[in-house]
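What follows is a short report on a single structure.
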Amino acid sequence: MANNKEKRTSIGGQALIEGILMRGPFKQAIAVRNQEGEIVLTTEDLKFIKDKYPILGLPLIRGVVNFGGAMVSGVKALLYSASFYPEEEDAQPGKLDLWLEKHVAAEKLESVIIYVAAFLGILFSVGLFMLLPTFLVGLVKPIHDHYFLRNLCEGLVKVLIFTCYMILISRMPDMRRVFSYHGAEHKTIKCYELGKELTVENVRPCVRFHPRCGTSFLFVVIIVSILVGSVIRLGNTLLRMLCHLALLFPVVAISYEFNRLVGRHDNALTRFLSAPGMWFQNFTTNEPDDSMIECAIAAMKAVIPEEEGADDW
């Protein structure tokens, strides 16, 4: 039964290959539509490292821990969803595949691939959005010792690269379906927050943008890195790049706490602060079809806690 009270849930998700990952306070669920058109639903209980080491759940520390954990679980879920759509049987394994099969035990191979992929994903993001702008601006010799102007130029280049990257990947045919599942994820979460019954008819008209989206988080990381990077007063480009690497942890930590703060409140200030990140979701979310919404609903229902309010943000 629907009610008029809107809530803010801590449940979040991720678009997969023909599927959705939903992560609740106690469980994680993956719903993938296989090649026969059926929804395959898998769930697992969550174990948090902060329960074993409480210090890792403290403000500022938790942001880095949660970001790393989300990267690993996200890659694992992507690989799982991809397993429903294997490559052509006549495809020949590469040299790296053969080497891994020979030198790494089969039960450990998946873990190796997951952690390597997560590391490469972080490395790519850091290199593209943080180090590359510093390198490019460093080529402009006349502004080397004009720190304010140099920081400003680096910031503008960061935003420009991020915007171009989002536009380019949104135009890739394969990514369009993934981003449609992303839209289904947001719509389903919004429907639940509105207190409506989770049906295709109720989810379909909901907005596909959400303030606690990973896209918004990435944009906040870019902006925070610009602000934090403004304290760097070095002319040498290599040293500046090393400083940006050293500041990565505090940047992620501050960004995480900012997103939590903005996500908990709905007023003119928080809407203004979250507006740029919401705008970028025009590139990373598309309108889903009903079959995608069905996947999102299946995953969402599996992680909603039995105790009311247990998932409050």
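Just so it is clear, none of the values below were taken in a lab; they were calculated from the coordinates. Because the structure is a prediction, the values reported are computed rather than measured. We place every Cβ from the backbone using ideal geometry, glycine too, and count neighbours over all the protein chains shown.
Using the Karplus relation 6.51 cos²θ - 1.76 cosθ + 1.60 with θ = phi - 60°, the per-residue 3J(HN,Hα) values for segment 125-140 come to 5, 5, x, 6, 9, 10, 7, 4, x, 5, 5, 5, 5, x, 6, 8 Hz, with x marking Gly and Pro. In order along segment 58-63, the Karplus-derived 3J(HN,Hα) couplings, from 6.51 cos²θ - 1.76 cosθ + 1.60 at θ = phi - 60°, round to 6, x, 6, 6, 4, x Hz, and Gly and Pro are given as x.
Of the residues Asn267, Ser81, Leu238, the one whose Cα sits farthest towards the positive end of the charge dipole of the chain is Leu238 (charges of +1 on Lys and Arg Cβ, -1 on Asp and Glu Cβ, taken about the Cα centre).
A full extension of the chain between Leu245 and Thr270 corresponds to an added length of 6.1 nm, given 0.36 nm per residue minus the alpha carbon distance.
Using the basic label-point model (7 angstrom from Cα toward the beta carbon), what is the Glu257 to Phe124 distance in nanometres? It works out to 3.1 nm between the two label points.
Treating each Cα of segment 191-310 as an identical point scatterer and summing with the Debye formula, the log10 of I(q)/I(0) at q = 0.11, 0.18 Å⁻¹ comes to -0.53, -1.04.
The slack between Phe48 and Leu238, meaning 0.36 nm per residue of separation minus the straight C-alpha distance, is 64.7 nm. Sort segment 1-88 into rounded, prolate or oblate with this rule: let a ≥ b ≥ c be the square roots of the eigenvalues of the Cα gyration tensor; rounded if a/c is under 1.5, and if a/c is not under 1.5, prolate when a/b is larger than b/c, oblate otherwise. The shape class here is oblate. Phi angles across segment 116-124 convert, under the Karplus curve 6.51 cos²θ - 1.76 cosθ + 1.60 with θ = phi - 60°, into 3J(HN,Hα) values of 5, 5, 5, 5, 5, x, 5, 4, 4 Hz, Gly and Pro given as x. With the charge dipole of the chain set up from +1 on Lys and Arg Cβ and -1 on Asp and Glu Cβ about the Cα centre, the Cα lying farthest toward the positive end among the listed residues Phe135, Phe209, Tyr256 is that of Phe135.
For the chain, the convex hull drawn through the C-alpha positions has a volume of 167 cubic angstrom per residue. How much FRET efficiency would the formula 1/(1 + (r/R0)^6) give for Glu38 and Glu306, where r is the Cβ-Cβ distance and R0 is 35 Å, rounded to 0.05? So the FRET efficiency works out to roughly 0.85. Here the extension length gained between Met172 and Val116 equals 17.7 nm, from 0.36 nm per residue of separation less the Cα-Cα distance. What residues qualify as long-range amide H neighbours of Val40, i.e. H under 5 Å apart, gap of 5 or more or another chain, H built at 1.01 Å from N? Result for Val40 returns Val32, Arg33, Asn34.
Restriction of the trypsin sites (Lys or Arg not before Pro) in segment 153-250 to DSSP coil positions whose beta-carbon has at most 12 other beta-carbons within 10 angstrom yields Arg171, Arg233. Free of any GluC sites (Glu not before Pro) that DSSP assigns to a loop and that have at most 16 other C-beta atoms within 10 Å, the longest stretch within the chain is 198-305.
Modelled this way, with points 7 Å down the Cα-to-C-beta line, the labels at Thr199 and Leu160 are 5.2 nm from one another.
Calculated mean residue ellipticity, 222 nm, the chain: -19500 deg cm²/dmol, from DSSP H runs (n ≥ 4) at -39500 (n - 2.57) each, averaged per residue and rounded to 500.
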